[in-house]
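What follows is a single structure, written as structure tokens, with notes after it.
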């Protein structure tokens, strides 16, 4: 029988998330061709991650329509699981990278200006994709390794055997610390620091400060709603030596990720954008340095330009 709750949630996510992320993809593609900033490149990667997730969502709809039984070829189950989990973790790492870029831009504007070359952000994005893919390759190992494969299973990446759990549970515990907890702590520190910096600058408008808070809360919402509950199941499952029964419901929360991210795209592309005046630094002479970046400093004038 069809699993109605799962099926409806998948459809809502697909209907809302696909057009929102396609619009974001077009917007960031245009911006990158004109004058790419580090945040634009990171958010473009985040958009691609969400679109990859949305592409495999029809397979999850088919699974829900089949009563949570996997009736498609087994290789599609592996591809679906790998894409599902790797996009979740690539999103968390990319959001962490965005928070670090914002923090550097606010706290160290000169350093930020020196790191504006796109190659740095492209390399960072590639590393994030590699880390996420390498970790989530466990979905292939668990299902297809000769000593671990469970050919009698009729579900997709569920109901693991004891041998599978012996390999999977320690890996999940590492997922919790490396791909969830550390990015969450970094994001909280960076955004709290950014908000503090902005509120200590009297020339920055209250609207700009409110948008900074909105971006911080939006990013935090992704972690608290879409990432943390599922990863807490890893932590609890390791000590219980089994997958918690409520684990699958936390995966449903993870599907909301592709709907929340476009909200963060808006705040991230509009906040901290500025047009800076010439800043003159004197040291044994006179040098004029013109900063054209999205970083902030006390003498800069902010202008909000939504995506």
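We did not get these values from a lab; they are worked out from the coordinates using the rules stated. Fair warning: this is a prediction, and the values are worked out from it, not measured in the lab. Ideal geometry is used to build each Cβ from the backbone, glycine not excepted, and the neighbour counts take in all protein chains shown.
Numerical summary
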read-out	value
Highest-fluctuation residue, 129, 70, 196 considered, GNM on the chain with Cα pairs under 10 Å	196
Förster-model FRET efficiency, 30 Å R0, residue 196 and residue 224, C-beta, rounded to 0.05	0.90
Helical mean residue ellipticity (222 nm; -39500 (n - 2.57) per DSSP H run of 4+; nearest 500) of the chain	-23000 deg cm²/dmol
Highest-MSF residue in the chain out of 140, 175, 75 [GNM, Cα springs under 10 Å]	75
Angle in degrees between helix 182-199 and the longest Cα principal axis of the chain, rounded to the nearest 10	30
The chain - percent relative contact order, Cα under 8 Å, separation 6 or more	22
Per-residue Cβ neighbour rank within 10 angstrom, fewest leading, 35, 151, 69, 211	151, 35, 69, 211
Theoretical FRET efficiency, 1/(1+(r/R0)^6), r = Cβ-Cβ of residue 12 and residue 115, R0 45 Å, to 0.05	0.70
Potential lengthening between residue 210 and residue 147 on full extension [0.36 nm per residue; Cα-Cα distance subtracted]	17.2 nm
Nitroxide proxy distance, nm - points 7 Å out along Cα→Cβ at residue 161 and residue 66	2.1
Approximate spin-label separation residue 249-residue 29, in nm, with each point projected 7 Å along Cα-to-Cβ	4.0
Percent of alpha-carbon pairs separated by more than 38 Å within the chain	21
Between helix 38-65 and the chain: long-axis angle, C-alpha atoms, 0 to 90°, nearest 10	20
Between 0 and 90°, nearest 10: helix 4-34 axis offset from the chain longest Cα axis	30
Radius ratio Rg over Rh of the stretch 61-186, counting only Cα atoms, Kirkwood formula for Rh	1.11
For q = 0.18, 0.20, 0.22 Å⁻¹, Debye-computed log10 I/I(0) when each Cα of the stretch 1-118 counts as one equal scatterer	-0.95, -1.07, -1.20
